[in-house]
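Taking it in order: structure first as structure tokens, then the write-up.
The values are calculated or read from the model by the stated rules, or taken from the named source; none is laboratory data. Keep in mind that this is a model prediction, so the values were computed, not measured. Ideal geometry is used to build each Cβ from the backbone, glycine not excepted, and the neighbour counts take in all protein chains shown.
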Amino acid sequence: MTIKNNHSIHRKRKKDLGILELVAIALGGMIGGGIFAILGVSVSIIGAYTPLAIALGGGVASLAAYSYVKLGVYYEDEGATYSFFKRTYSGSPLAASLIGWWVVFGYISTLALYAYTFASYAISGTVFGESDLARKVIAAAVIGVFALINIWSVKGMGKIEDLIVYLKLIILAIISFVLLNNGTATIPQLFEASDSATVIGVLVVASITFVAYEGFQLVIHAINEMDDPARNIPRAIYIAVGAATAIYLVISLGAIVAIPFSDIIKNQEYALASGAGQVLGPLGNVLVIFGALLATSSAISGTIFGASRLITVIAADGHFPNYLAKRSGRIPVNSIISMSVAAIFLIAVSDLRVILEFGSVTFLIVSLLMAVANYKIRRSTNSSTFITITASVVLAVSVLLIVYYEATFQPEQLLFIVGLYILLSGASVLFFKRNRPQTK
């Protein structure tokens, strides 16, 4: 029988993170490099139906968020995904270890991609624009900066995240509305140009876009730094998912009416920059680049904050080296440094876009597992049976759709993802057997 983790006894003093900071952490994790890359992929598959797929992706994210909210309020455990599974299935420590390894590597890979995207925009239009070495050096540097910010102060990180996230939302909204007002194509024309799109294609893209919504669960990792989790977890997560869906819709609509499909597909994550440049000239290009830098910065900061706390929880259970469980005050310094170094290593040696696909599949799978776990204890979490079953089915179908897409169009990438799962799973099993961790 599951037992609620009663952290509330210890929450007498004022915490560092209020609702604005919590929403900023979630939005920071969601609106990062993903939306910029997704536009090109979406338009190449379904053209003018991209906004519809993005809206459906928001619906999938909302269903996934439901179980995270219920489990987060019930357990009040900063380990989130890992801890929810461990506590719900207390007799399966090895399975919990596997999930921990997958999720942590998913976070590290997305952190690496956000930093690489930041660097790509930072040097675009300069003499270093084509230099991969310059891109990697800047990416490593920006990870280092935000690692230091997270080590410096939780409250300081929260205030900086507030500023970055809300400023980037304003800039992205301005860009999107300018594109909408200056678009030359009409919706009927766009639909006519997208007559080859299929229902399956729309559903596949909706599944792929889930990576752009990944990050809302970072709020739960801040459980020990927030007041009144029962109230603030649902508010922060649902506000963030709703805001992200709205901004993605406006961005995608602005992009498809103002920028030729061929340019969106060719430029991919730079599509907004080139499109705004065509409409507003150099000023529009600079504005988009600035918005992209803010977007990736907040994603880097939020991911370091949440994932470092997850690593510490997993290490405390013996599934990672013990030094990762240590904290300086409430700040997991060793975990922050270790995941930052790991992300920098990935930037140096890997194809980050392939690794991002691993992250997308991973977060869909673990969201499905959270929905199943929530169904198991739905009476304890006071969850709707209908919503929980619906979430489980939708997430399962989304996983299958991504596998179908990868197998059909990018089989080499699917083999890479499967191989990475095998490698991580093998490492997890070996570490588990060697250390014989005790489930708490």
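Taking segment 85-133 as the range and being among the acidic types (Asp, Glu) and more than 30 Å from Leu287 (Cβ to Cβ) as the test, no residue passes. Taken over segment 89-122, the criterion of being more than 24 Å from the chain's Cα centre (by Cα) and not in a loop (DSSP other than H, G, I, E, B) is satisfied by Pro93, Leu94. Could you identify the single residue in Ile54, Ile35, Ile46 that is closer than 30 Å to Leu203 by Cβ, modelled with pLDDT under 75 and buried (at least 20 other Cβ atoms within 10 Å of the Cβ)? That would be Ile35, the only listed residue that is closer than 30 Å to Leu203 by Cβ, modelled with pLDDT under 75 and buried (at least 20 other Cβ atoms within 10 Å of the Cβ). Looking at Gly156, is it part of a helix (DSSP H, G or I), more than 21 Å from Gly359 (Cβ to Cβ) and modelled with pLDDT of 80 or more? So Gly156 does not fit the description; no. In segment 154-170, the condition of being surrounded by 23 or more Cβ atoms within 10 Å (Cβ to Cβ), touching a residue at least 60 places away in the same chain (Cβ under 8 Å) and within 30 Å of Arg379 (Cβ to Cβ) is met by no residue.
For residues that are crowded, with 24+ Cβ neighbours inside 10 Å and not aliphatic (A, V, I, L, M), scanning just segment 230-257, find the one that is farthest from Ile187 (Cα to Cα). Among them, the one singled out is Tyr248.
You will find that of Leu364, Leu346, Leu324, Leu368, the residue that is more than 15 Å from the chain's Cα centre (by Cα) and under 19 Å from Ala206 (Cα atoms) is Leu368 and no other. Number of residues in segment 278-335 that are surrounded by fewer than 24 Cβ atoms within 10 Å (Cβ to Cβ), modelled with pLDDT under 80 and polar (S, T, N, Q) equals 2.
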